[in-house]
Amino acid sequence: MDPDVTLDIKEVQVLVNYPGDADGFNWHHRVLLCRIEGSTWLTLTPDLEIQRHDLSAIPHRVLDRAAPFPADIAGEIYAHDVIGNAALQGYKRLASTMAVILGEGTLPDSETYAWVIQESGRPDFGEQIDLRLLNNEATGLAFATKGVIQLNGEEVFVERVPLHELATWKKTRKALGMDVRLLGDHRDSSGKRRLDLTTAVSLMKGGEEEDFPVTGTRAAFEFHDAVAQGAGNFTSYHSEWVRLSGVSRKSSAAFIHQCLCEMLRLAHHYDQVDSSALASLEHATRWLIQVELAVERSPQQPNYEGLDIMSGAVVSADGRATAHKFVEWVSSKMKDRANLWRQERLFKQERRFQRGDPRYTAADDDSEEEDNGKGGGKRKKKNKKKKDSNPAAGAAGSGA
């Protein structure tokens, strides 16, 4: 660190005046640790001692973070060396304890908190650590509630947790560290696995994995959310759909719809998995939507024509490999080319009209469009037969 600049820390830094210092350092660098009352602070000196200062009674200058010291007194400053954040947090805790001793605040009960292993994947997850590892700058780094220690040659993250909340903290942290496709382990008052649809939707993450095998826009999360806000659960949703859609309860479409609704219900209710993150349940959701659209077309005889595109499979129903992005690109280029041809034709018509071409009339716009064939060419007009101007010749010819 540049000795000519202040510390790069978030705590407030000041210079306090010490006139007549034996070494000529008339301004001493201080870090404000804890306010006692009003303008009275406990501060950290460059010698790493905690001192009390009433800033209203002593000349001082406030400093910016990681900024040059005032140029007019730069040679008179007794400044701090670089101090680590872990050490600084330790001095702040000591200052808070001193403030309590001086009558400000209540001394916290250190035994109500514990530093424990935070990483849920470790076998010693949730176990209390040796505080000597955390307090030693060579083996630990601590902030207010988070930290890291060197344990058996590994860097291990730790957390400060209230002892009365430790059991709940373990359960919550364990759930967060599980597979993203899981919603957790939710049980009712009797201990049975149970998770309602509304809560399940609130826990779904709706991931966007690049290698997700079902192509196209995801449907599972949106569909589950709509059912949760409407019928509230898949059992009621199926009953309402059968009643309102007009499909026969004995039809195969109604039977398939019921099976798919029950599959999606069990997925969140008992299995407690995230349907928005599972390819199998994304496929099942799309199948359910296919059934509903087919019935919407014809309740008595569901029509599935063209709905295979919703499956997101890599091979279409006619056996053709799908390349959606390339097809979309080709379609856009064809549309652009068709639009360009149309604009060129309109430009030519406008130019002919502006030149006052006697062969051009306003009706040519419609006739020219009508004359264009599929290939873009114009149909040739048939020549009318010329009438013979000599009626006598015509009569003679007929007589012959």
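Quick notes
- Failed condition for residue 116, given (1) on the phi < 0 side of the Ramachandran plot; (2) in contact with a helix residue (DSSP H, G or I) (Cβ under 8 Å, 6 or more places away or on another chain); (3) at pLDDT below 90; (4) in the same structural domain as residue 143 (by TED's automatic domain parsing): (3)
- Across region 207-238, the qualifying residues are those that are of a type in the set (S, T, N, Q) and either in contact with a strand residue (DSSP E or B) (Cβ under 6 Å, 6 or more places away or on another chain) or part of a loop (DSSP other than H, G, I, E, B) (or both), and the one among them that is farthest from residue 307 (Cα to Cα) is 233.
- Of all positions in region 297-307, at least one carries a residue that is surrounded by 12 or more Cβ atoms within 10 Å (Cβ to Cβ), modelled with pLDDT under 80 and in the same structural domain as residue 219 (by TED's automatic domain parsing).
- Only residues that are modelled with pLDDT under 90 and surrounded by 13 or more Cβ atoms within 10 Å (Cβ to Cβ) were counted in region 119-129, giving 5.
- Qualifying residue in region 159-175 (condition: closer than 30 Å to residue 260 by Cα and not charged (D, E, K, R)): yes
- Considering residues of region 16-55 that are of a type in the set (S, T, N, Q) and part of a strand (DSSP E or B) only, the residue surrounded by the most Cβ atoms within 10 Å (Cβ to Cβ): 43
- Test: residue in region 78-97 that is touching a helix residue (DSSP H, G or I) at 6+ places or on another chain (Cβ under 8 Å), surrounded by 13 or more Cβ atoms within 10 Å (Cβ to Cβ) and part of a loop (DSSP other than H, G, I, E, B): no
- Of the candidates 121, 140, 147, 184, the single residue that is in contact (Cβ under 8 Å) with a residue 24 or more places away in the chain, more than 30 Å from residue 227 (Cβ to Cβ), of a type in the set (Gly, Ala, Ser) and out of contact with any strand residue (DSSP E or B) (no Cβ under 6 Å at 6 or more places or on another chain) is 121.
- Restricting region 239-278 to residues that are in a helix (DSSP H, G or I) and in contact with a Gly (Cβ under 9 Å, 6 or more places away or on another chain), the residue that is surrounded by the fewest Cβ atoms within 10 Å (Cβ to Cβ): 240
The values are calculated or read from the model by the stated rules, or taken from the named source; none is laboratory data. Owing to the predicted nature of the structure, the values given are computational and were not obtained by experimental measurement. Backbone-built Cβ (ideal geometry, glycine too); neighbour counts: all protein chains shown.
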